[in-house]
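> Below you'll find the structure I mean.
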Amino acid sequence: MKDVAIVAFAQTRHTDHDTGLSEHELIQPVINEVKERTGLKRFGFTCSGSCDYLAGAPFSFVSALDALAAWPPISESHVEMDGAWALYEAWVRLQHGDIDSALVYGFGKSSLGDLRTIMTLQLDPYYLAPLGLDQLSYAALQAAAVGADRQELDEIVRRSRADGRSNPYALDLPDPEDTDFAVQPLKKTDVPPITDGAAAIVLATGDLAGRLCDRPAHIRGIAHRTEPHYLGMRDLAQSVSAADAGRAAGVGKGPVEVAELHAQFPHEEIILRRALELGGDTVINPSGGPSAANPVMATGLIRIGEAARRLHDGSARRAVAHAAGGPCLQQNLVTVLEA
């Protein structure tokens with residue numbers, strides 16, 4: 001296995017509304033920032049993650065390439081997934097050994113449309129979509145299956161929003177008060193905020209990583225697992241795929257000081273803590289997590305970047321980052337980072 005490390009991470013100052021920036025205008029500042037931090041102008045491979053449905057246009061990721069100065073021609077790929085899966089593809093590409101650097105980015109503008117309607121399009125069109133299920137409906141089904149104490153859920157949201165207020169890139173959200181239900185048993189404050197944003201990460205191998213970054217965040221394990229699309233074929237109170245991915249990535253091979261979890265709803269944090277067997281001394285989502293900023297198609301990549309940032313600044317030596325996709329934590333990607 002080639003030793004691959006995260007050497008730079010940048011993200012936008014996320015907003016809860018459309019600022020008028022196009023996708024490539026949203027991306028360009030973070031691309032420029034990681035280029036400046038590393039001193040690299042070109043990369044052996046580039047991979048992005050986004051969703052055409054958010055932009056309402058086919059191949060919207062192609063126009064985003066305007067932010068890259070992609071001439072002379074570059075080696076580039078794209079996943080119609082969160083940018084975390086673009087990082088996974090870039091990690092695999094670096095294992096080939098003929099290149100030593102990769103640029104990864106993800107972006108999304110949720111403010112442009114109705115996210116509940118958009119996310120419904122990922123459901124099976126024959127059996128699930130006709131039922132009228134949407135993003136909150138199936139999240140509420142899972143929350144009911146977990147059956148967590150309401151006080152515990154409120155505390156997770158309160159902690160996440162408080163941490164988010166100390167994160168200059170997240171949204172400034174108030175502490176949750178008694179609010180109406182969005183879809184029982186989920187309160188309105190349990191629902192992640194509509195967010196526009198982007199993020200970028202630079203990967204490097206071998207000696208190059210040490211030259212580009214004083215404290216590289218080495219990827220010691222990375223694994224992706226999925227489980228059935230149909231909700232009725234799963235136990236919604238747990239995440240078998242997250243547990244499998246965690247074991248394959250080697251989460252339990254050492255202490256986990258920080259875990260950045262792609263938990264959009266508070267009950268998902270409970271499920272993921274159990275699945276990854278995180279102890280009480282692990283700091284969960286010190287960035288605020290998706291409850292404080294949820295730029296769809298970049299949220300999972302930001303979890304990896306935020307975990308790496310703790311290693312870059314020396315505040316942690318071993319961290320876990322998690323990204324999710326699909327209804328009710330259907331797909332899970334787990335990354336173990338070490339200083």
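The values are calculated or read from the model by the stated rules, or taken from the named source; none is laboratory data. A quick note: this is a predicted structure, and the numbers were derived from the prediction, not measured. All Cβ positions, glycine included, derive from the backbone under ideal geometry; neighbour counts span all protein chains shown. Remember, those area values only see protein heavy atoms, side chains included, never the ligands or the DNA or RNA. Shrake-Rupley method; radii C 1.70, N 1.55, O 1.52, S 1.80 Å.
> So which helices (runs of 4 or more DSSP H) are wholly in segment 89-167 and hold at least 3 residues that are at pLDDT 95 or above and farther than 30 Å from Gly210 by Cα?
Hits in segment 89-167: 135-146, 150-165.
> On to the next question. Under the condition of being within 20 Å of the chain's Cα centre (by Cα) and open to solvent by 60 Å² or more (accessible area, probe 1.4 Å), which residue from segment 48-88 is modelled with the lowest pLDDT?
Among them, the one singled out is Tyr53.
> Report, by residue number, each residue of segment 1-32 that is in contact (Cβ under 8 Å) with a residue 40 or more places away in the chain and farther than 22 Å from Ser110 by Cβ.
Residues satisfying the conditions are Met1, Lys2, Asp3, Val4, Ala5, Ile6, Val7, Ala8.
> With the requirement that a residue be of a type in the set (A, V, I, L, M, F, W, C) and part of a loop (DSSP other than H, G, I, E, B), what does segment 47-88 give you?
Cys51, Ala57, Phe59, Ala69, Ala70, Trp71, Ile74, Met81
> Just checking, does segment 300-308 include any residue being over 26 Å from Gln238 (Cβ atoms), assigned to a helix (DSSP H, G or I) and touching a Cys at 6+ places or on another chain (Cβ under 8 Å)?
no
> If the requirement is being of a type in the set (D, E, K, R) and within 14 Å of Ala323 (Cβ to Cβ), which of these qualifies: Glu260, Glu277?
Going through Glu260, Glu277 in turn, just one is of a type in the set (D, E, K, R) and within 14 Å of Ala323 (Cβ to Cβ): Glu260.
> For segment 168-193, give me each residue that is among the small types (Gly, Ala, Ser) and at pLDDT 95 or above.
Within segment 168-193, just Ala170 meets the criteria.
> Being farther than 20 Å from Gln238 by Cα, part of a loop (DSSP other than H, G, I, E, B) and in contact with a strand residue (DSSP E or B) (Cβ under 6 Å, 6 or more places away or on another chain) is the filter here, so list the residues in segment 256-281 that pass it.
Once the filter is applied, which keeps residues that are farther than 20 Å from Gln238 by Cα, part of a loop (DSSP other than H, G, I, E, B) and in contact with a strand residue (DSSP E or B) (Cβ under 6 Å, 6 or more places away or on another chain), segment 256-281 yields Val256, Glu257.
> Kindly indicate which of Arg211, Arg220, Arg225 is within 24 Å of Gly108 (Cβ to Cβ) and either over 20 Å from the mean Cα position of the chain (by Cα) or modelled with pLDDT of 95 or more (or both).
Just a single option satisfies the conditions, and that option is Arg225.
> What's the number of the condition Ala198 fails, among (1) within 15 Å of Asn294 (Cα to Cα); (2) open to solvent by 20 Å² or more (accessible area, probe 1.4 Å)?
All conditions are met except number (2).
> Give the residue that is least open to solvent (accessible area, probe 1.4 Å), with candidates limited to residues of segment 113-158 that are among the polar types (S, T, N, Q) and out of contact with any Lys or Arg (no Cβ under 7 Å at 6 or more places or on another chain).
Residue satisfying both the conditions and the ranking: Gln142.
> Just to be sure, is Asp100 more than 29 Å from Leu171 (Cβ to Cβ), surrounded by fewer than 23 Cβ atoms within 10 Å (Cβ to Cβ) and of a type in the set (D, E, K, R)?
Yes: the conditions hold for Asp100.
> Which residues, counting only those in segment 285-332, are among the basic types (Lys, Arg) and more than 13 Å from the chain's Cα centre (by Cα)?
Arg309, Arg310, Arg317, Arg318
> Sort through Leu231, Leu236 and tell me the only one that's among the hydrophobic types (A, V, I, L, M, F, W, C), open to solvent by less than 30 Å² (accessible area, probe 1.4 Å), modelled with pLDDT under 95 and out of contact with any strand residue (DSSP E or B) (no Cβ under 9 Å at 6 or more places or on another chain).
Answer to the selection: Leu231.
> Which one of the conditions (1) out of contact with any His (no Cβ under 8 Å at 6 or more places or on another chain); (2) open to solvent by 10 Å² or more (accessible area, probe 1.4 Å); (3) not charged (D, E, K, R) does Leu171 fail to meet, given that it meets all the rest?
That leaves (1) as the condition not met.
> Looking at segment 310-339 only, could you name the residues that are closer than 19 Å to Leu278 by Cβ, assigned to a helix (DSSP H, G or I) and either open to solvent by 10 Å² or more (accessible area, probe 1.4 Å) or without any contact (Cβ under 8 Å) to a residue 12 or more places away in the chain (or both)?
Arg310, the sole residue that qualifies.
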